[in-house]
Amino acid sequence: MSRACTGLLLITVCCISGSALGQSAHKNPWATKDVGTLPPIASLTNGVWLKGELHVHSRHSKESSNNPVAKIIAFSKSVGMDYLCITDHDNHVDGDVAHNTWADPEFKSDSVLLLYGAEWTTTRGHGNAFSAKPYDHQRLYDVRDQRDVVVGSVKKELGIHLSANHPSGKDHFGYSYDMVNSIEVWNSAVWSKNANAIMIWDDMLSSGRKLTGRGGSDAHHGVPETPDKATKNSYQAKANYVGTPTTWVFATARTSQAVIDALTNGRVSISSNPYAPRVEFYADLNQDGKMDMMMGDNAKSTGKPVKFRVQLTGNTVPDGDYTVSVVKNGNPFGTFQTNGKTAFIAFTDTPATQGRTYYRVVVEGPPTPYPQVPESTALSGKMVGLSNPICFNFDPNF
Ligand SMILES: [Zn+2]
Ligand SMILES: [Zn+2]
């Protein structure tokens, strides 16, 4: 009897004090909580850097000129590309990419890994589909005007990597970013026009969507064989073609599937052209002097300082000055200077123990000449390359 009374009294006191302090009983089910145990980080050494082009149009796109499949593949090979995805507009063939680009007798290579894909070209915007093997692209085309939840389920059934193209401006990506694996943050040699794409990418990362940033030239026109074959757009081939920009992936093997997997997991950086230095971004979690993570990786924050390292690999200009800008959670974190001889910078920061943190880097410096596409360097300017983020406390089941 007396125990029940005490309990009742306690509840009353509790309610009075709660309302007196203006507290509500609201409990946010999505509030930041411990992310739990994360999957282990993959090996930093067991793999190979592969470079490629992820957005280019052949003659199977109606507005393309002087750009047969064989020319694109031969050019890619000549500038050292390891992989290539020819992404023709699917609406130009009513979705039947399989009997057009992929069935072209020229669609073969003994050295360049050819991905299967197309540019999903819809009223609500453009995206690229990427796959290591043929898939039923017709289904993705047919579902294009349906609700996102329907489109997303078809995409999942097809097992493809879907990527948002040139996400802002004309032909922006007007679908949910929840159904894409990556976003084209660097479209064509004209670096300056990508500012809004970068902003969208940071917004998605900041809201917990671990989307990979990738590049794509979106080139439609090749150099004509003879002057009489020139079109009004032929001039573009000298300024924007395969490799402007170039997307690097750290793949576990030299296979198409490993390229797709690396694209999905974000072990990716983008360089202004195939000869420009590659941006590599690493982190040492436990301060033992050995790097434990690279861009695209996600670890649980320990509450201890993490040492980060950015290095430029490949053809740096020896006496050139390079500026590395670090972005933390979408905001400027700091800028660091290095030169072509040293070609690395280091910094330390402590990611929060609660909630997500990410870091990514942008590198500017002297342009690296690209003799095959000579006018591209004037368009990309000082932009050398950018990394994908190193992430902490991102929920892999998001
Ligand atoms: Zn497009
Ligand atoms: Zn395109």
Seminar exercise, completed: Taking the stretch 51-105 and keeping residues β-branched (Val, Ile, Thr) and within 16 Å of ligand 1 (Cβ to nearest atom) leaves 56, 86, 87, 93, 97, 101
For this session: Only residues in the stretch 311-335 that are at positive phi count as the first member; pair them with residues that are open to solvent by 80 Å² or more (accessible area, probe 1.4 Å) and outside any strand (DSSP E or B), Cβ under 9 angstrom, at least 6 apart or cross-chain, and list the lot.
Result: 329/356; 330/199; 330/203
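Against the condition surrounded by fewer than 21 Cβ atoms within 10 Å (Cβ to Cβ), of a type in the set (Ser, Thr, Tyr) and within 16 Å of ligand 1 (Cβ to nearest atom), how does residue 192 come out, does it pass?
No.
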Exercise. Yes or no: residue 259 among the β-branched types (Val, Ile, Thr), touching a Leu at 6+ places or on another chain (Cβ under 8 Å) and away from ligand 2 (no atom under 15 Å from the Cβ)?
Worked result: yes
Seminar exercise, completed: Subset of the stretch 28-87, residues open to solvent by less than 10 Å² (accessible area, probe 1.4 Å) and under 17 Å from residue 265 (Cβ atoms), comes to 50, 52, 54, 83
Seminar exercise, completed: The one condition residue 82 fails out of (1) over 30 Å from residue 395 (Cα atoms); (2) at pLDDT below 95 is (2)
Exercise. Is it the case that the stretch 91-111 has a residue that's within 12 Å of ligand 2 (Cβ to nearest atom), touching a residue at least 40 places away in the same chain (Cβ under 8 Å), among the β-branched types (Val, Ile, Thr) and crowded, with 24+ Cβ neighbours inside 10 Å?
Worked result: no
Problem set entry | Candidate set: the stretch 168-187, residues that are closer than 25 Å to residue 237 by Cβ and out of contact with any Gly (no Cβ under 8 Å at 6 or more places or on another chain); chosen: the one modelled with the lowest pLDDT | 169
Problem set entry | For residue 119: the one exception among (1) within 16 Å of ligand 2 (Cβ to nearest atom); (2) part of a helix (DSSP H, G or I) | (2)
Problem set entry | Residue ID - farthest from residue 244 (Cα to Cα), chosen from residues in the stretch 44-79 that are in a loop (DSSP other than H, G, I, E, B) and free of Cβ contacts under 8 Å to residues at least 12 places away in the same chain | 45
Exercise. Among the residues of the stretch 213-247, which ones are hydroxyl-bearing (Ser, Thr, Tyr) and more than 16 Å from ligand 2 (Cβ to nearest atom)?
Worked result: 226, 231, 234, 235, 246
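Do you know which of the residues in the stretch 112-156 that are of a type in the set (Val, Ile, Thr) and open to solvent by 50 Å² or more (accessible area, probe 1.4 Å) is farthest from ligand 1 (Cβ to nearest atom)?
Among those residues, the one meeting the criterion is 149.
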Seminar exercise, completed: Of the residues in the stretch 165-189, those that are open to solvent by 50 Å² or more (accessible area, probe 1.4 Å) and within 16 Å of ligand 2 (Cβ to nearest atom) number 4
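The values are calculated or read from the model by the stated rules, or taken from the named source; none is laboratory data. Predicted, not measured: the structure shown is a model, and the values here were computed from it. All Cβ positions, even for glycine, are placed from backbone atoms using ideal geometry, and neighbour counts span all protein chains on display. The protein model used for the area step is the full one, side chains on, heavy atoms only, and it has no ligands, DNA or RNA in it. Shrake-Rupley method; radii C 1.70, N 1.55, O 1.52, S 1.80 Å.
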